[in-house]
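Have a look at the structure below before the remarks.
The values are calculated or read from the model by the stated rules, or taken from the named source; none is laboratory data. Fair warning: this is a prediction, and the values are worked out from it, not measured in the lab. Quick reminder, even Gly has a Cβ in these numbers, built from the backbone with ideal geometry, and neighbours come from all protein chains shown.
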Amino acid sequence: MASVDIPDSATTFIVLPGYENQFKKMKVSREVAENEPIQFVLYKCVKNSEVLLLGVHRNEARYLKFEFSYGRKAFKEHCCSCQTPTMESDLIPIYAERCVELQTFVIHCKNSLNGKIEQYIVNADTENLVQVYRPELQFQEYRKSDNDGNIAVCKVKDGLIIIKRSEDSLRKERFEETGNTVHLPDSPVKKLDATEEDDDDETIEIDVESTGHFQDYLASLPVFKAWYCSVKKLMNVRVKIPNTTTYLDYHLENGSMVRSPECQGCSKEVTTESLIPKYSVKLDGFKTILFCRNKLFETIEQYVMDSQNLVLKQVFLPELHYDPTLVNHGDTDVLFIENGIQVSKEGILLIVKKLNRDNKDYEEVTNVPVRVMNQDSEASDAREKDVTDADRTDMEKLEELRGYPYQLFKCVYDEKHKEEIAKRRRSNQEKNANKKVAIVAGETDKEPKPG
């Protein structure tokens, strides 16, 4: 993901794009603990840096890592050495039953890290827990007991291992031949290798066939980002579907990332109310570029004003990077005036005003349409129309709208096209010089008049 710099280390991460703003929205919507941990972060897989991982906070400073299967459009636990290890203390033993084939007890445990019911045995050599899968020993809810105490006694090389449930956690003890019981330290469990089929290679349906400028824009969008739904009071992770602007929402439920139901109360249409203006910049040959934060998509975007149709158009200039040091943090600011249209901000609101030709005052225009990037968007959308001497009539009309004299426009034009103008002047001077030479030569060739 080019727009986000994610550390390579398995122990370092970055916060999910947009999370800070969405967390502020969540604090307004509902009560949040003072020391609320960051719920979602991003990692890169240490074995394959192309794989982007979602880290989900579980307990203390530990994050369970998920990768997204685009074929199934679902999150799955990441199976790799960079995955956060499951500790024996993460397991809550529920009950045990003997497996004839394995000749030992299979212990049914709830894994508090991922919320799943899993099966474990005690390895006779290492005395540590190893995950197994015995389909004939399906979990039976009625056998669940809430009482703490011994769950299983398993024979190992050096004696017996006793598995207990203590305060919603697993406790492991060794009963030695001397009759003493020794508490064993917490250890990581050996998990099963992932055996689920991966459909990532299947074709992903897309809405449009994207190439060129629009494809470059799509590639710049974040793969994952945060979104807090104020209606359902739910923090979501939005996942971008390749080659589209479509994002799907997922949330944490019982240790797994599940698809969020579509919320009819969350706005999906980008309007001027969706855009928080940051600052504007004027480049030679381009319309004034306005940087805004899109509250719906949690992205920094670029816009220009189509003053003829009074439409705010999203553009994409990848070489023009957002610079937060240029943001004006004042409550009010006129961002730019262009062709009789004034764009300003009041707090976080984007205000558009149009010059009234009669009283020369700028009057607010409501419900200004916003056109977001789409398949028809072109890089040229951000460029301004060249003004030539032949456009003097149009410039005089602009003079009336903008209050600028024509000579000022001409100075701007002359500066912009000074090389072309100088070349034209030299050509005209040469033509005039040639005419003078021809005239002089003609007069010299005439016969003198008789005295």
Would you tally the residues in segment 169-190 being among the polar types (S, T, N, Q) and in contact with a helix residue (DSSP H, G or I) (Cβ under 7 Å, 6 or more places away or on another chain)? 2
Considering only segment 92-127, state which residues are closer than 30 Å to Val258 by Cβ and not in a strand (DSSP E or B). Ser112, Leu113, Asn114, Gly115
For a quick check of your reading of the model, give me the residue pairs whose first member lies in segment 305-330 and is under 15 Å from Leu283 (Cβ atoms) and touching a residue at least 60 places away in the same chain (Cβ under 8 Å), whose second is aromatic (Phe, Trp, Tyr) and surrounded by 14 or more Cβ atoms within 10 Å (Cβ to Cβ), with beta-carbon atoms closer than 7 Å and at least 6 apart or on different chains. Val315/Tyr303; Phe316/Tyr217
For Val100, only one of the following conditions fails: (1) of a type in the set (A, V, I, L, M, F, W, C); (2) without any contact (Cβ under 8 Å) to a residue 12 or more places away in the chain; (3) within 17 Å of Phe224 (Cα to Cα). What is its number? (3)
Would you check which residues across segment 238-257 are more than 27 Å from Glu269 (Cβ to Cβ) and not aliphatic (A, V, I, L, M) and list them? Glu253, Asn254, Gly255, Ser256
With (1) assigned to a loop (DSSP other than H, G, I, E, B); (2) surrounded by 16 or more Cβ atoms within 10 Å (Cβ to Cβ); (3) among the hydrophobic types (A, V, I, L, M, F, W, C) as the list, and Met26 as the residue in question, which single condition is left unmet? (1)
Of all residues in segment 136-149 being surrounded by 12 or more Cβ atoms within 10 Å (Cβ to Cβ) and modelled with pLDDT of 90 or more, which is farthest from the chain's Cα centre (by Cα)? Leu137
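Yes or no, residue by residue, for (1) at pLDDT 90 or above; (2) in contact with a Gly (Cβ under 7 Å, 6 or more places away or on another chain):
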{"residue": "Leu296", "(1), (2)": "no, no"}
{"residue": "Thr299", "(1), (2)": "yes, no"}
{"residue": "Val304", "(1), (2)": "yes, no"}
{"residue": "Ser307", "(1), (2)": "yes, yes"}
{"residue": "Lys313", "(1), (2)": "yes, no"}
{"residue": "Phe316", "(1), (2)": "yes, no"}
{"residue": "Asp323", "(1), (2)": "yes, no"}
{"residue": "Asn328", "(1), (2)": "no, no"}
Can you tell me which condition Tyr279 does not meet? The list is (1) surrounded by fewer than 14 Cβ atoms within 10 Å (Cβ to Cβ); (2) under 22 Å from the mean Cα position of the chain (by Cα); (3) not β-branched (Val, Ile, Thr), and all the others hold. (1)
Answer yes or no as to whether Asp376 is in a loop (DSSP other than H, G, I, E, B), under 28 Å from the mean Cα position of the chain (by Cα), farther than 11 Å from Tyr279 by Cα and not assigned by TED's automatic domain parsing to the domain that holds Phe214. yes
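Conditions tested, residue by residue: (1) among the β-branched types (Val, Ile, Thr); (2) outside the structural domain of Leu252 (by TED's automatic domain parsing); (3) not in a loop (DSSP other than H, G, I, E, B).
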| residue | (1), (2), (3) |
| --- | --- |
| Gln22 | no, no, yes |
| Ala33 | no, no, no |
| Val46 | yes, no, no |
| Lys65 | no, no, yes |
| Phe68 | no, no, yes |
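Any idea how many residues of segment 15-55 are within 16 Å of Val223 (Cα to Cα) and in contact with a strand residue (DSSP E or B) (Cβ under 7 Å, 6 or more places away or on another chain)? Before the answer, list the steps.
Keep residues of segment 15-55 that are within 16 Å of Val223 (Cα to Cα), which gives 15-19, 40-45, 49-55.
Retained after the next criterion (residues that are in contact with a strand residue (DSSP E or B) (Cβ under 7 Å, 6 or more places away or on another chain)): 15-19, 40-45, 51-55.
Adding up the residues that qualify gives 16.
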Given (1) part of a loop (DSSP other than H, G, I, E, B); (2) within 17 Å of Arg98 (Cβ to Cβ), identify the lone condition not met by Ile162. (1)
Is it true that some residue in segment 2-17 is over 24 Å from Val189 (Cα atoms), modelled with pLDDT of 90 or more and either in a helix (DSSP H, G or I) or in contact with a Gly (Cβ under 6 Å, 6 or more places away or on another chain) (or both)? no
Per the list (1) under 18 Å from the mean Cα position of the chain (by Cα); (2) among the acidic types (Asp, Glu); (3) surrounded by fewer than 17 Cβ atoms within 10 Å (Cβ to Cβ), residue check on Glu298 breaks on (3)
Quick one: how many residues across segment 348-362 are surrounded by 11 or more Cβ atoms within 10 Å (Cβ to Cβ) and either out of contact with any Asp or Glu (no Cβ under 9 Å at 6 or more places or on another chain) or farther than 19 Å from Val281 by Cα (or both)? 5
